[in-house]
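Working notes for the structure below.
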């Protein structure tokens, strides 16, 4: 995407407030004083075997980008790729039903969408929301001295990898992935938070690296304070680590001061999440503080305290 940054602003309504520059969670366009549109899209292949649960997870994940910016989802349109000659359309209907139920929980309209015939099923949603342009939560607004709070435990990635390999179902992982980030977002806004992101495919370390890089700070993480889902450490010990998690760690390693942190601990911190929690530069009641932002260190965006 590097070649797409800094292009000439097109003529048209609105002012682009958040775009490609810092890899934030969603695009934000101010359309009038006090009102901005938040736009995002997300879809992926199945992470669980149950079609209804996959639909719920995919839409909770897509909505999360709006919440991470401090917005409220208004309308979503389905994005569905389906191997119609291989899997019954009744199964696709279950996926869509799951997505519709989570959107309804969020108070978000669903108005159609688009489907294509594809050898591999994929599902998600393009979501449009509203936000106050003066109360956005951006990944470039972090400042030294501010604590870091994580609103959901990690470990979804290794548990999903184990599920795919063994068929074993982890209800606690499904519950985490289908929990909306709406309440966490509202609490953050009420406390004046201006910097946040959500933890998804790049893992905690990847998303925190992007936040620290965009904000010009270093993020210090207390590894012992980071919460994990039950079974995550066992899944890691038994080797259920995805290629995406390993790529996440390789990506941030040049910018990482890991100290004496063990490699397995780093893999958990880099675990590729699906529909994870918010990572907030600020304190949220009932959620663990896992570190803080400190003044920038040359070339280092992440410091781990074992």
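Readers should treat all values here as calculations from the given coordinates under stated rules, not as data from a laboratory. Just so we're clear, the structure is a prediction, and the values are computed from it rather than from any experiment. When we count neighbours, we look across all protein chains shown, and the Cβ atoms used for this are built from the backbone with ideal geometry, even at glycine.
Quick look at the numbers
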{"quantity": "Total residues in the range 88-107, condition touching a helix residue (DSSP H, G or I) at 6+ places or on another chain (Cβ under 7 Å) and crowded, with 19+ Cβ neighbours inside 10 Å", "calculated": "7"}
{"quantity": "Selection from the range 129-159 of residues that are in contact with a strand residue (DSSP E or B) (Cβ under 6 Å, 6 or more places away or on another chain), within 17 Å of residue 24 (Cα to Cα) and surrounded by fewer than 19 Cβ atoms within 10 Å (Cβ to Cβ)", "calculated": "130, 141"}
{"quantity": "Test for residue 226: is it surrounded by fewer than 24 Cβ atoms within 10 Å (Cβ to Cβ) and closer than 15 Å to residue 142 by Cβ", "calculated": "no"}
{"quantity": "Helices (runs of 4 or more DSSP H) within the range 190-306 that include 2 or more residues closer than 23 Å to residue 63 by Cα and in contact with a strand residue (DSSP E or B) (Cβ under 6 Å, 6 or more places away or on another chain)", "calculated": "203-215"}
